[in-house]
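Below is one structure; the comments refer to it alone.
The values are calculated or read from the model by the stated rules, or taken from the named source; none is laboratory data. None of these values were measured; they are calculated from a predicted model. Ideal geometry is used to build each Cβ from the backbone, glycine not excepted, and the neighbour counts take in all protein chains shown. The area values use the complete protein model at the heavy-atom level, side chains included, leaving out ligands, DNA and RNA. Shrake-Rupley method; radii C 1.70, N 1.55, O 1.52, S 1.80 Å.
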Amino acid sequence: MARGVWGPARGAPVGALTLTALAEGIRASRGQPWGPPAPGPRPQPEPEPAAGEPGRAATAPTAGGEPLSPPPPQEPAPGAPQQTPWSSWEEGALADLAVYTAACLEEAGFVGTQATALTLSSALEARGHRLEDQVLGLVRGLLAQVPHLAEGRPRRAALRVLSALALEHSRDVVSALLRCSPAPNRAATELWRSLSRNQRVNGQVLVQLLWALKGSAGTQLEALAATRALGEMLAVSGCVGATRGFYPHLLLVLVTQLHKLAWDAHPPDTPKVWAPSHRGPPHSHASCTVEALKALLTGDGGRMVVTCMEQAGGWRRLVGARTHLEGVLLLASALVAHADHHLRGLFADLLPRLRSTDDAQRLTAMAFFTGLLQSRPTARLLREEVILERLRAWQGDPEPTVRWLGLLGLGHLALNCGKVRHATTLLPALLGALSEGDPRLVDAALGALQRVLLRPRAPVRLLSVELRPRLPPLLDDARDSVRASAVGLLGTLVRRGRGGLRVGLRRPLRKLVLQSLVPLLLRLHDPSPDTAESAEWTLACCDQALPWGLLEEVGTEAHYHSPEALSRICHRLVQWYPSHVPSFLSQTQGYLRSPQSPLRLAATLLTGFLVHHSSPSHVNQDLLDSLFQDLGRLQSDPEPAVAAAARVSGQQVALLARVQPQPCGWRLLRPGRPSCLPARPPPVYADSPFQHCSLPGRWGCSGPG
C-alpha cells in the first residue's frame, strides 16, 4: 500500500499487508489461533484462489507495475508470548490493510463499509487482539498516509475506514484521534470533517468529544484538541442537527470552558483590564472555543445571535476574566431574541448547575438563568414564588457577583410580570442594594427599580417616599454609570407621577423633585455625556409635570451653555419657590468645591444668577458670608474661566448683602410681582465659557479650521 497503488507514503510507517494476508488471517482465525509457528514441519499453504477472488493478490500488480507481497514472517524468540509486540511497522501495515480493503469494497456502499469493518475485525482478532486495542495504531497510520493519498477514490477509501471504525468504536476512535493530533494539522482536520459528514456516526462522535471536553479539566492539551475537533465538526453543514438531544448541554459546556480559561489566565482579583492588544486567555484555546460556539449557533439557524454578539462586543467579553458574565448575559439576551426554540432545554439544564460546587459552572449557570428570565414563557416554567425565593437567597450571598446577578434577575422578573406583584419582597431587596459599594450592584438595583416603574399600577407613592433619602446622594456619585442611572430613575419616577403632580398631589414626589433641581441643572455640564443627556431628559419630564414653561431654556442651557437661558431658569425658580432659595444656594455651594472644573464653573454661574434674582428676606446673612468666602477662594482658581466667573458672582453676593430691606412692603409682596427694592445690575459673564457645544467638541475632537 505504501508503494504502488497510491504512491509512497513519505515519512510514514510502511506496511505491506495485502488481501492475501488478510484472507490467510481470516482462515487462520477460523481454524487455529494466529501465533508463532509451532516447532516442527510447517503445514503446507492452501492453494491460491482462482482469479477474480479477493484473496488472489499474492502478487497483485500495482499502478507502477510492482507487486505487493506480504512481509517475510519473523521468527519469534523461544518462550515469547503468543501476541507479537506492537511496532510502527505493524501500525503502517494495519493502515495499509484498512485502506486497501476499503478501496476494494468502496463500490458496495454502506454494505461495503460494514464489510470493511468486519474484515478488519476478523483480521485483527485473528492476531489475538480486540479491535479497540488496535484503533490507535490504525489512526496513526491513517494520519500519516492520508496527506499523501491522491484525491478521489484512494482518499475516500481511507476516510471510510475511519467512519467504519467509529460506527462500532466511536470512543476509541475519538480518543485515538485526540492523542495523535494534539496540534492542529490538515490530516486531522480532514479526518474530523469526514466523520462529521457521515450522518451515521457524527452524533456518536460529538457525544464522545463532549465527554472528552468535560473530563479533561486538568489536561489543557486534551481540552484544546477536543475543542478544536468540535469546531471542525460543527463547521460542516448539517452536522449541528446531530446534536439534537444534547444541544443545550454542549452550549453550556463550551461557555463554561471559556469561564475556566479566563479564570485560570487572569483571576478576577487581579487588576487586569481588557485592552485591544489582549486577546484573552490562551488565545488559541479561547479562540477555538469561541469558533466552536459560533459554528454551533450558526449551524442551528442562529446567525442573528452571532451577529448580535459581534455588534455588542459579546465575544470579547466572554473571554475576559472580569467581563465573562457580562458576555453570558449578552448571549442569553441574544438567544431570547433570536433563538428561543432552545430556551426550555437550556433552562432545564441550568437548574442542577445552580448548586454546583464548581465556581465557573455555578456562576455561568447563574448568569444564564438570570438572562433567560427575560423570556416570559421560559420564566413561567417555574412558579414566580420559586424564582423569587431563589433570587432573594442570592442577595444573602457574600460574593458580590452573586448578589449582582440576583438583582438583575429581580429586574427581569419585575418586567415580565403583568402587574407589579410581590412588591413587599422585591422593593426591600432593591432599595437595600442602593447603598452597596460595588457599582454593578447599584446599577442593577437602579435598573430594576426603573423596570418596576414601567409596569402598570407601579407603586409611585411608595417609591417616592423611599427614594427621597436614597436617590439625591446618588445624583452626585463619583461613578459615571451610577450617576446616569440615578438621574434616569428620577426622570422615570416623575413621568409616572406627572398626573398627580399637575393637580397638586404627590407631595413626596414634589419634595424629591425640588430637592434634586440644583443637581439636575448642574449635571447638564457633567463630563459624562450619558449623565448630561439623562439630566436633560429628566428636567424635560419635570417641566411637563410641573408647568414651568422652561423646556426651551433647559435645551438651550444643555446644548449652548447660555447665560441668558440660565438667568431665565433661575428667575422662574425664585418666583415659584421663594422659600427654597436658601436650599438652592446651599446645594450650589457644595459644587463650588467640586474637583471637576465644568461643575465649578456651572455652580459659580448658578450662584450668581440665584443671588441676583433673590430678595434679602429670602437669604440670611450667614449664608451670604459663607458664599462670599467660597467665591473669594475661587478667584484664584487655576482655571481662568472659573476665576473670572467667581469675581462676577462675588459682586452679586456683596450687592445683596448691602441692600437694606423695607419692612412696609415685604410681607404683602406676592411671588411674581415686581420688587420695590432698588434695581441691582445683572451679572455679566465673559462669553468664552459659553461656546456652542458642537458635535466635534462633544466627541472630543476639534472642529473645522
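Taken along the Cα-to-beta-carbon direction at a fixed 7 Å, the label points for H341 and Y577 span 5.6 nm. Here the contact order of the range 466-623, divided by its residue count and restricted to Cα pairs under 8 Å and six or more residues apart, works out to 20 percent. Per-peptide packing, taken as the mean over residues of other Cβ atoms within 10 Å, places 388-400, 222-234 in the sequence 222-234, 388-400 from highest down.
Of interest is the spacing of the C-alpha centroids, which for the range 419-487 and the range 585-663 amounts to 33 Å. Relative to the Cα centre, the charge distribution of the range 399-510, modelled as +1 at Lys and Arg Cβ and -1 at Asp and Glu Cβ, gives a dipole magnitude of about 900 debye. Oblate is the label for the range 516-625, because the ratio a/c of its alpha-carbon gyration tensor axes (a ≥ b ≥ c) is 1.5 or higher and a/b is not greater than b/c.
Leaving out ligands and nucleic acids, note down the accessible area per residue over the range 518-605 with a 1.4 angstrom probe, in whole Å². If you can, show how the numbers build up before the last one.
Values: 3220 Å² over 88 residues.
Accessible surface, normalised per residue, equals 37 Å².
With a/c under 1.5 counting as rounded, go ahead and sort the range 455-524 into rounded, prolate or oblate using the C-alpha gyration tensor (a ≥ b ≥ c being the square roots of the eigenvalues; past the cut-off, prolate if a/b is larger than b/c, else oblate).
prolate
Per-residue 3J(HN,Hα) values for the range 150-155, derived from phi via the Karplus relation 6.51 cos²θ - 1.76 cosθ + 1.60 with θ = phi - 60°, read 5, 5, x, 4, x, 5 Hz in sequence order (x marks Gly and Pro).
Using Cα pairs closer than 8 Å and at least 6 residues apart in sequence, work out the relative contact order for the range 356-459, in percent.
Relative contact order, the range 356-459: 27 percent.
Under a 5 Å amide H cut-off, with hydrogens placed 1.01 Å from N, R680 pairs with nothing among residues at least 5 apart or on other chains.
Expressed as a whole percentage, what fraction of the accessible surface of the range 440-493 belongs to carbon and sulfur atoms when a 1.4 Å probe is rolled over the protein heavy atoms?
C and S fraction of accessible area: 52 percent.
Could you compute the net charge surrounding E552? Neighbours are other residues with a C-beta less than 15 Å from the C-beta of E552; K and R count +1, D and E count -1. That sum, taken over residues with Cβ under 15 Å, equals -3. Computed about the Cα centre, the dipole magnitude for the range 493-552 is approximately 600 debye when only Lys and Arg (+1) and Asp and Glu (-1) carry charge, each at its Cβ.
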